[in-house]
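What follows draws every value from the coordinates through simple rules; no lab data is involved. Just so it is clear, the structure is predicted and the values come from calculations on it, not from any experiment. Cβ atoms come from the backbone with ideal geometry, glycine included; neighbour counts cover every protein chain shown.
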Amino acid sequence: MDLTIKDIAKMAGVSPATVSKIINNYGGISEPTRQKVFKIIEDTEYQPTFSAKSLATKKSNLIGLIYAGEINVDLKHPFFNEVVNAFKKSVGALGYDLLLFSNERFYKGESKYLERCKHFSVDGVLVIAGDEVEDAVLEIAESPIPSVGIDLKLEGKHSSYLMTDNEKIGHKVVEYLYLNQIRKVAYIGGKQNSLVSSIRNEGFLKAMKSFNMPIVENWVKYGDFFEESGYRSMVEILDGGEYPQAVFAASDMMALGALKAIKERGLSVPEDIQLIGCDDIEACRYSDPPLSTVKQDKQKLGKLAAYMLDDLIQENGEIHPVKVDPELIVRSSSL
């Protein structure tokens, strides 16, 4: 038989509120009453329900996880999957559980993130940004619910954000190529209207200009961070006539798509065209050849997001935005 908090209270001859206070370690209860209730709980193997705990403490110990955007990265994206795993381990150690919110119905006006956060009484929210992010996400940043954005600027009183220093990504790649006497460089970027994409795009073009390297219009393409767009963009570059010496793709997945297109033309990497990606997903180590890339520290991003969100929940002062330094990882796809 499933017992309720009312059943335990009746057995102990106390009120349900008293049992709730004892379960949640509140003061003001006599030691004999406390021991009596604990003995009944032990004998009956009663397990307090989630709602009983949260009602008494006003804390759910739940963190909402939102993959935002009409085009979102969700659980299948290898980069964000690793970030979320690191976040999950860190918040788990802090005593929180994750609640994943679907956004499939939001574009029909049937629900809002903020309403659902309140409904489930989440203690805080982690928002992972995709493309074309809904205005409903910004409502969370303006609310009293603590929130942290990854690759999304959440700037409310109870929110903050973090991301890789995306401008440095392009500079590291262009500088490396310049030092290796590579001047003819093509670029496959993400969507131009995306925050992260636009910063990476601008960083690459700025670095090319600073080293006085030519920017060839036909060699600058924009995809969506996934393989097919990298493949398609590389085909367009190769169809243009003269080949670049190197290609920098703003995500590893687009770089892997580009690698396929290069091989289909009978060209070799890195002998004919060098190739560098971004993110350092696990597949980079096992591609043929292994892919050079700019590493985003996924473990650090996930752990920082967890600790920043916990500090916001605990009201440990203002939490400033964080930028994490990238690292160039040179493998066999670049000489």
### Task
Based on the mean of other Cβ atoms within 10 Å per residue, sort peptides 187-197, 252-262, 237-247 so the most packed one is first.
252-262, 187-197, 237-247
### Task
Post the alpha-carbon centroid distance, the range 216-235 to the range 270-301, in whole angstrom.
17
### Task
Report ³J(HN,Hα) in whole Hz for each residue of the range 249-256, in order, from the Karplus equation J = 6.51 cos²θ - 1.76 cosθ + 1.60 where θ = phi - 60°; Gly and Pro get x.
9, 6, 8, 4, 5, 5, 5, 5
## Note on the structure
In order over the range 87-100: 3J(HN,Hα) from phi, Karplus 6.51/-1.76/1.60, θ = phi - 60°, whole Hz, x for each Gly or Pro, gives 5, 4, 4, 6, 6, x, 5, 8, x, 9, 10, 9, 10, 7
### Task
With a/c under 1.5 counting as rounded, go ahead and sort the chain into rounded, prolate or oblate using the C-alpha gyration tensor (a ≥ b ≥ c being the square roots of the eigenvalues; past the cut-off, prolate if a/b is larger than b/c, else oblate).
prolate
### Task
Would you mind checking the range 1-23 for residues with the amide N under 12 Å from a putative spin-label position 7 Å along Cα→C-beta of GLN35?
none
### Query
If you count, for each residue, the other Cβ atoms within 10 Å and average over each peptide, how do 115-128, 279-292 line up from highest to lowest?
115-128, 279-292
## Note on the structure
Sorted by chain and number, the residues with a modelled amide H under 5 Å from that of GLU134, at a separation of 5 or more or across chains, are GLY69, GLU70
### Task
Give me the net charge of ALA141's neighbourhood, meaning all other residues with Cβ under 10 Å from the Cβ of ALA141; Lys, Arg count +1, Asp, Glu -1.
-1
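Order of 11-20, 269-278 by packing, highest average Cβ count within 10 Å first?
The densest-packed peptide leads the list: 269-278, 11-20.
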### Message
Assuming 0.36 nm per residue, please report the length gained on full extension of the stretch ASN180 to ASP97 beyond their Cα-Cα distance.
### Response
25.1 nm
### Query
Are any of the pairs LYS206/LYS323; LYS168/LYS263; LYS89/LYS112; LYS112/LYS221; LYS172/LYS221; LYS112/LYS172 more than 31 Å apart by Cα-Cα distance, and if so, which?
LYS112/LYS221; LYS112/LYS172
#### Entry: From phi via Karplus (6.51, -1.76, 1.60), per-residue ³J(HN,Hα) for the range 159-168 in Hz, x at Gly/Pro
9, 7, 7, 8, 6, 5, 6, 5, 5, 5
#### Entry: Efficiency of FRET from Cβ geometry, GLU115 and GLN314, R₀ 35 Å, rounded to 0.05
0.90
### Task
Would you please give the residues with an amide H less than 5 Å from that of ASP325, counting only those at least 5 places away or on a separate chain, with H modeled from the backbone geometry?
ASP165
### Query
Between LEU3 and ASN85, what FRET efficiency follows from the Cβ-Cβ distance if R0 is 30 Å, with the result rounded to 0.05?
0.25
